[in-house]
Amino acid sequence: MKGFCAQDRQRLLVYEYMNRGSLDRTLFGSGPVIKWQERFDIALGTARGLAYLHSGCDHKIIHCDVKPDNILLHDHFQAKLSDFGLSKLLSPEQSSLFTTMRGTRGYLAPEWLTNSAISEKTDVYSYRMVLLELVSGRKNCSTRSQSHSKDNSNSGGGQSTSSSVSKLTYFPLFALEMHEQGKYLELADPRLEGRVTSEEVEKLVCISLCCVHEEPSLRPNMVSVVGMLEGGIAFVQPKVELLNFLRFYGRRFTEASMIEDDNGHSNIVVFPGASNSASSTSDYHPCFSYISSQEVSGHR
């Protein structure tokens with residue numbers, strides 16, 4: 001913030017002008033496609049900003065609302081965090097237990113529901129979604145319409161009809177499945193048209209999945225994330241057994257977000273090619289965050 005005015009009815013806040021607007025508008029809008037190196041620079045700049053808030057200040061600052069809308073871009077896609085209206089300032093002596101949920105649906109960590117201590121690791125969880133959205137160029141949950149044709153020649157009509165079906169994709173689950181199969185380029189934004197390697201995508205996907213471990217203590221801190229992005233620290237493979245709750249979240253999406261086609265039929269899938277068999281849920285264990293997962297991780 002550069003300054004303010006509080007005279008009579010003239011109440012203004014003056015901020016630095018970020019000429020490229022928000023990451024949300026730039027990444028999901030209809031403008032020019034962001035190149036891979038520019039996406040990486042945005043991911044690194046955002047991680048550095050969060051690392052400063054968490055460990056570079058006298059009082060730790062938890063942003064509580066990390067999302068593309070609150071990442072502003074300057075020339076050369078320099079990223080800066082904004083909108084600290086929900087942030088929490090903590091001294092080392094203060095408890096990190098919040099009394100009210102804060103943040104944006106789709107980016108909230110499971111501990112908001114379990115009455116667990118809220119720490120900087122909740123920002124780490126939210127950051128993981130920003131990474132996935134930078135990789136894919138799409139939001140954490142989106143619908144796609146697919147057309148299907150049906151031949152009615154056997155009924156004597158000799159005509160074919162077409163219908164439109166809306167399908168729901170929950171991208172964090174898709175990312176987990178593609179990680180397990182090693183198909184990282186399936187996660188890359190198709191608008192990049194092959195101008196990214198599988199190794200480059202793998203690095204960001206693995207870091208993002210480490211950031212989403214359900215147990216906060218097992219998520220890396222933002223200083224470590226910066227080190228992994230810069231290459232000073234080798235990025236580690238996520239613990240897949242700690243990510244099974246994503247399968248549950250995906251299943252809850254299909255139950256809570258049924259979309260009917262023009263004929264009144266519902267046909268929702270978590271993502272194309274995903275395994276929704278009962279075997280994928282064999283490792284589930286009862287958890288309050290599972291029960292109310294739709295409340296925190298529903299798409300916005």
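The values are calculated or read from the model by the stated rules, or taken from the named source; none is laboratory data. Please read all numbers here as calculations on a predicted model, not as lab measurements. For neighbour counting, all protein chains shown are included, and Cβ atoms are generated from backbone atoms with ideal geometry for every residue, glycine included. Heavy atoms of the whole protein, side chains included, go into the accessibility calculation; ligands, DNA and RNA do not. Shrake-Rupley method; radii C 1.70, N 1.55, O 1.52, S 1.80 Å.
Structural remarks
- Efficiency of FRET between THR197 and LEU13 - r from beta-carbon atoms, R0 45 angstrom, step 0.05: 0.60
- Solvent accessible area, Å² - HIS59, 1.4 Å probe, full protein context: 80 Å²
- Over 23 Å between alpha carbons, listed pairs LYS203/LYS239; LYS88/LYS139; LYS139/LYS183: LYS88/LYS139
- Phi-derived couplings, Karplus 6.51 cos²θ - 1.76 cosθ + 1.60 at θ = phi - 60°, listed residue by residue for region 213-228: 3, 5, 7, x, 5, 8, 7, x, 7, 5, 5, 5, 4, 4, x, 5 Hz, with x used for Gly and Pro.
- Residues THR114 and ILE233, FRET efficiency given R0 of 25 Å [Cβ-Cβ distance, rounded to 0.05]: 0.25
- Area of ARG195 that stays accessible when all protein chains are in place (1.4 Å probe, Å², to 10): 140 Å²
- Integer Hz, Karplus 6.51/-1.76/1.60 couplings in order for region 121-131, x for Gly and Pro: 5, 5, 5, 4, 4, 5, 4, 4, 6, 4, 4
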